[in-house]
Amino acid sequence: MSGLTVFLDGKPVTLAELPLKGGGQAAVFPVVGDDGIVVKLYREPPGPEQERRLMRMLTMSPLVTRPTDASQPPELAWPTALARGSQGEFLGYAMRRFGEPQHVQLIGLFTRAQRLKLFADRADWRFLLGVAWNLAFMTARMHYDNLVIGDFSSSNVVVDANGFVTFLDCDSIAFNDRVTGELFPCLMHTTDYSSPERQAGGPATRATDEFALAVLVYQLLTAGNHPFGGVPHDSASESTVKDNIAASCSYVVRPERVVIPRGTIDPSVLPPELLALARSAFGPGVHDPATRPPAEAWLRALDKERALVRVCPGRPLHAFGSHLTACPWCARAALTGHDVFNGPAAVPVPGAPSQPPVPGEPWPTALKVALLILVVVILVVIAANA
């Protein structure tokens, strides 16, 4: 069924009657007859500042210099046109469509049922490690282009079957207009991924992005566990993730302070270098933004580990870090009866290689080389400006 007609660059398009998704401030509608784009309409009339923000964004082309191949979607669902009503009033904007089944929210990787449904036999720990790498790379590139994500969460990022990530809701990104110098701040944030200074009303910064990135990487590497879950022993009432972040109470750093939720995966599944970054982010980094690992640090550590992943000989979906001498997922399944990755028992094949092909490898070899060169350039520029 058809709904509202809006104008994109003066061209009328008809929106579907029902939105694909909706939030408190806006809803996203498919376009009748065009599966390639969607239109985001604000529920309340947007002010002139939001219209000016979108107009300035249309003059920008962020991340265009990154090397890509034909299989990689854009890392940003950037606005492509303003949406106006019949009288020329500003209603919202159009962007490329990144929806199911080709793209799913990152949060879909945090539960076994969703991983199996959406990614079948691809989403093992090696795949999650690759997604984390892509997420860290996207963050580093956005910061290199002087963009701050601001509202960074598992619901604002989608991932495809190859592990590529795309950030949605770009209209909330913080940036300085390169022509006028005007600051367009990010006014939105998601509490479970917000650092204490952000929760207290502070601005979105690279450091607040780095806190959210650390949480997301940790969740990916533990198949969905939030590092600030649980209830502190000294809590008088049920504590929320937001409360635990504000109190700098993470079981990853101080497990003795927290009643850890049943079924939580032990942090030791993270390789030592990655676990050290997590403990820095969730310990001193909670209240001292300067000590939070930058995206580039996560990128280096994740890239190193991707080359070292081991695969369980008994269950092909049981991949794990090379620092472990035995499969942690088999041990967990034997102890709890719950298989995090639900890998079927493997049937040995004579003469088969000990390591199966990499599932969900996000980057071709030539592209990885180009990306690593770009990362080095980013690090040199950052060091020169420090």
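Every number here is computed from the coordinates shown, using simple stated rules; none is lab data. These numbers come from a predicted model, not from an experiment. Here the Cβ is made from the backbone with ideal geometry for all residues, glycine too, and neighbour counts use every protein chain on show.
Quick notes
- Figure legend: label point modelled 7 angstrom from the Cα of Asn146 along Cα→Cβ; residues of segment 183-217 with amide N under 16 Å from it are 183-186, 205-206.
- Listed residues Thr5, Tyr93, Leu317: farthest to the positive end of the dipole of the chain (Cβ charges): Leu317
- Each Lys and Arg Cβ is given +1 and each Asp and Glu Cβ -1; about its Cα centre, segment 1-97 then shows a dipole of about 160 debye.
- Among 285-296, 196-207, the order from most to least packed when residues are scored by Cβ within 10 Å on average: 285-296, 196-207
- Ranked packing of 254-262, 268-276, 80-88, most packed first, by mean Cβ within 10 Å: 268-276, 80-88, 254-262
- For the chain, adding -39500 (n - 2.57) for each run of n ≥ 4 DSSP H residues and dividing by the number of residues yields -9500 deg cm²/dmol at 222 nm.
- Alpha-carbon centroid distance for the pair segment 8-30 / segment 180-251, whole angstrom: 30
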